[in-house]
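**Q** One structure follows; several queries about it will come next.
Every read-out reported here was derived from the displayed coordinates using simple, explicitly stated rules and does not represent laboratory data. Only a predicted model underlies this, so the values are computations on that prediction, with no experimental measurement involved.
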Amino acid sequence: MADEKIFEIKGEIQEKDGNKPFLKKVNAKTETFATEKIICLFGSKNKIKRNKITIQEIKEVKADGKKGN
């Protein structure tokens with residue numbers, strides 16, 4: 001889709017032995033959709049419950065890798 005943006009999402013996943021940081025990039029229309037997409041991806045691939053995922057920062061990134069806004 002032409003109007004999708006790239007978002008860089010930084011956060012942590014709670015595990016038995018402590019918190020594990022992550023940094024992911026996803027395509028989405030808004031920050032809300034990007035957050036939901038990350039939670040769904042971790043849930044479906046790693047069986048992580050949504051209450052174990054903490055989002056710390058969301059940034060819009062330009063297509064060439066430079067930070068937007």
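**Q** Return the calculated 222 nm mean residue ellipticity for the chain, to the nearest 500 deg cm²/dmol, obtained by summing -39500 (n - 2.57) across DSSP H runs with n ≥ 4 and dividing by the residue count.
**A** Numbers: 1 runs with 16 residues, N = 69.
That calculation yields -7500 deg cm²/dmol at 222 nm.
**Q** With no solvent and one point per C-alpha, what does the Debye sum give as log10 I(q)/I(0) for the chain at q = 0.17, 0.21, 0.27, 0.28 Å⁻¹?
**A** Summing over Cα pairs of the chain leads to -0.60, -0.85, -1.22, -1.27.
**Q** How tilted is helix 31-46 with respect to the longest principal axis of the chain? Cα atoms for both, answer in degrees (0 to 90, nearest 10).
**A** On a 0 to 90 degree scale, this one is about 40.
**Q** Sequence gap at least 6, Cα distance under 8 Å: using those rules, report the relative contact order of the stretch 5-61 to the nearest whole percent. Intermediate values should be presented prior to the final figure.
**A** On the way: 88 pairs, mean separation 27.8, N = 57.
Answer for the stretch 5-61 is 49 percent.
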